[in-house]
Amino acid sequence: MANEREKEAAARASLRFINDGQVIGIGSGSTSACFIQMLGERVKSGLRIRGIPTSDLSAQQAASLGIPVTTLDECPEIDVTVDGADEVDPQLRLIKGGGGALLREKIVASASRQLVIIADSTKRVPVLGKFGLPVEVIKFARAVVQKKIEVLGARVILRQNGSKPYLTDENNYILDCHFGEIADPERLARQLSDMPGVVEHGLFIGMASVVLVAEGNKVDELRGRR
Ligand code: 5RP
């Protein structure tokens, strides 16, 4: 319950980054769901924005609240994206993809002038890697990529949805890769990007402009370089 309150507090704090007339990237996951709910309330009270959701689930929630949505084809430049994270380190490097939406999330983040991350206090870590790093792979390449990631030292689990492999919105698989502490996230990001069959990985480095971390009743604002 404390986490829920922190998620709401972080989501509420992100609203001050949203202005009338903007194109807003809409994140995925439970913290983003709080943000979408609050954004819907602002839209009902007259805020005019267009949203670009990062997952089918967030798109459904936005539609149910009457938030106007658009596409990257119509708006390839986004003013602000608000999204959650699974881990945030002191350099504002992130692990994302716990909800399986990392591919669209990273594309939307890369098209955004500002990326505002909202998180409860459990997401703040000194070193990334306690959370299994999600890596999206095309189905054909699953076994090959899994072996290569195991050689790098990770325990790799193919994400499941009941008795079947979990499928992303883009119809790919997710490998959850448990490295333990990731000493050099930049190097690992390059190694993963270089593997044929890897569509995207959940390391978001140098992307966050601001991280809003709720801790009890207060929300810390951490500023990135971007
Ligand atoms: C989805 C994500 C989410 O932002 C991340 O998993 C955090 O989720 P939650 O807010 O539910 O803790 O990256 O792909």
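Side notes on the structure shown:
- Paramagnetic reach from residue 91 (point 7 Å along Cα→Cβ, amide N under 19 Å) across the stretch 162-204: 179-194, 201-204
- The stretch 202-226-the stretch 23-55 distance, computed between alpha-carbon centres (Å): 18 Å
- Near-label residues of the stretch 162-201 by backbone N, under 15 Å of a point 7 Å along Cα→Cβ of residue 30: none
- Length-normalised contact order of the chain in % [C-alpha pairs under 8 Å, at least 6 apart]: 23 percent
- Rounded to two decimals, the Cα radius of gyration of the stretch 97-226 over 2.2 N^0.38 Å is 1.09.
- Model label sites at residue 72 and residue 151, defined 7 Å from Cα along the beta-carbon direction, differ in position by 3.0 nm.
- The chain: antiparallel DSSP beta bridges as a percent of all, rounded to 5: 55 percent
- Most simply put, the stretch 50-162 has about 20% antiparallel DSSP beta bridges, counting only bridges with both residues inside it.
- The length gained by stretching the chain between residue 218 and residue 167 to full extension, at 0.36 nm per residue less their Cα-Cα distance, is 14.7 nm.
- When the Cα atoms of the stretch 21-148 are aligned to their principal axes, the ranges along those axes come out at 51, 35, 25 Å in descending order.
- GNM result for the chain, Cα springs below 10 Å: residue of 177, 34, 75 fluctuating most strongly: 75
- Across every direction, the projection of the convex hull enclosing the Cα atoms of the stretch 74-169 has a mean area of 8.0 nm².
- Lysine-lysine proximity count for the chain, Cα under 13 Å, sequence distance 8 or more or distinct chains: 6
- Accessible surface calculations at 1.4 Å, restricted to protein heavy atoms, place the stretch 133-199 at 57 Å² per residue.
- Radius, Kirkwood style, for the stretch 133-199 when every pair of distinct Cα atoms is counted (Å): 12.1 Å
- Ellipsoid equivalent to the chain - semi-axes via the Cα gyration tensor, in Å: 29, 20, 16
- Relative intensity, log₁₀ I(q)/I(0), of the stretch 1-73 from a Debye sum that treats every alpha carbon as a point, q = 0.15, 0.21 Å⁻¹: -0.44, -0.86
The values are calculated or read from the model by the stated rules, or taken from the named source; none is laboratory data. All values reported here derive from a predicted model rather than from experimental measurement. No Cβ is skipped: glycine too gets one built from the backbone with ideal geometry, and neighbour counts run over all protein chains shown. Side chains are part of the model used for accessible areas, which takes the heavy atoms of the whole protein and leaves out ligands, DNA and RNA. Shrake-Rupley method; radii C 1.70, N 1.55, O 1.52, S 1.80 Å.
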